[in-house]
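All remarks here apply to the structure that follows.
The values are calculated or read from the model by the stated rules, or taken from the named source; none is laboratory data. Since the structure is predicted, the reported quantities are computational estimates derived from the model, not experimental observations. All Cβ positions, glycine included, derive from the backbone under ideal geometry; neighbour counts span all protein chains shown. We work out accessible area using only protein heavy atoms, side chains counted, and drop any ligands, DNA or RNA first. Shrake-Rupley method; radii C 1.70, N 1.55, O 1.52, S 1.80 Å.
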Amino acid sequence: MDYRVSKTDEQWRSELGDQGYAVLRQAATERPWTGELLDEERAGLYTCGACGAELFRSGTKFDSGCGWPSFYESIRPDAVELIEDTTLGMVRTEVRCANCGSHLGHVFPDGFGTPTGDRYCMNSIALSFQADGGDESTADAR
């Protein structure tokens, strides 16, 4: 797929740092319960940690108990790209930023009690957060 934002591996690595590059560009996963945005409860907007594209509103975030920030839907259906992932001997659905192709996490059909039944399980380092009202808190992803 062609993405609106396209950079060389060297550019991504320079901008994202080692951990950000590993997660966003190589589909690694941060350790559970370690992400800066896991316990974020303020109203605001979650954007791609690589390109800044809008991905999730805080009103769709919920505590799934999995150790990563979870949302029940993206801000728009075309904000994310869903791709079948057959790594690690299982079938999952990978979630990528539709603007730059960066790996965000996975979506699972186990968001019980949510309006959609989905759980977008995202890496904190793959996201940045902009609080409503102008207060900015950003995961260390750039």
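Any residue in the stretch 97-119 that is at positive phi sitting within a Cβ distance under 7 Å of a residue that is small (Gly, Ala, Ser)? List the pairs, counting only those 6 or more apart or interchain.
What qualifies is GLY105/ALA126; GLY117/GLY111.
Mind listing whichever residues of the stretch 25-55 are of a type in the set (Phe, Trp, Tyr) and assigned to a loop (DSSP other than H, G, I, E, B)? First the steps, then the outcome.
From the stretch 25-55, those of a type in the set (Phe, Trp, Tyr) are 33, 46; that's our starting set.
Passing the criteria: only TRP33.
Considering only the stretch 35-92, how many residues are acidic (Asp, Glu) and either within 13 Å of the chain's Cα centre (by Cα) or within 16 Å of GLY111 (Cα to Cα) (or both)?
Step one: filter the stretch 35-92 for residues acidic (Asp, Glu), giving 36, 39-41, 54, 63, 73, 78, 81, 84-85.
Narrowing the set further to residues that are either within 13 Å of the chain's Cα centre (by Cα) or within 16 Å of GLY111 (Cα to Cα) (or both) leaves 36, 54, 63, 73, 81.
Here the count works out to 5.
For the stretch 75-86, check the following and say yes or no: at least one residue is in contact (Cβ under 8 Å) with a residue 40 or more places away in the chain, in a helix (DSSP H, G or I) and open to solvent by 20 Å² or more (accessible area, probe 1.4 Å).
no
Any residue in the stretch 94-105 that is of a type outside the set (Ser, Thr, Tyr), open to solvent by less than 50 Å² (accessible area, probe 1.4 Å) and touching a Ser or Thr at 6+ places or on another chain (Cβ under 7 Å)? Full working, then the answer.
The initial filter retains those residues of the stretch 94-105 that are of a type outside the set (Ser, Thr, Tyr), namely 94-101, 103-105.
If we keep only those that are open to solvent by less than 50 Å² (accessible area, probe 1.4 Å) as well, we get 94-95, 97-101, 103-105.
When the remaining residues are screened for being touching a Ser or Thr at 6+ places or on another chain (Cβ under 7 Å), the result is none.
No, the stretch 94-105 contains no residue that is of a type outside the set (Ser, Thr, Tyr), open to solvent by less than 50 Å² (accessible area, probe 1.4 Å) and touching a Ser or Thr at 6+ places or on another chain (Cβ under 7 Å).
Are any of the residues in the stretch 58-72 in contact with a helix residue (DSSP H, G or I) (Cβ under 6 Å, 6 or more places away or on another chain), crowded, with 19+ Cβ neighbours inside 10 Å, over 23 Å from VAL5 (Cβ atoms) and touching a residue at least 12 places away in the same chain (Cβ under 8 Å)?
Yes, the stretch 58-72 has at least one match.
Could you please find all residues in the stretch 106-139 being buried (at least 21 other Cβ atoms within 10 Å of the Cβ) and either out of contact with any strand residue (DSSP E or B) (no Cβ under 8 Å at 6 or more places or on another chain) or outside any loop (DSSP other than H, G, I, E, B) (or both)?
Selection gives VAL107, ARG119, TYR120, CYS121, MET122, SER124, ILE125, ALA126, LEU127, SER128, PHE129.
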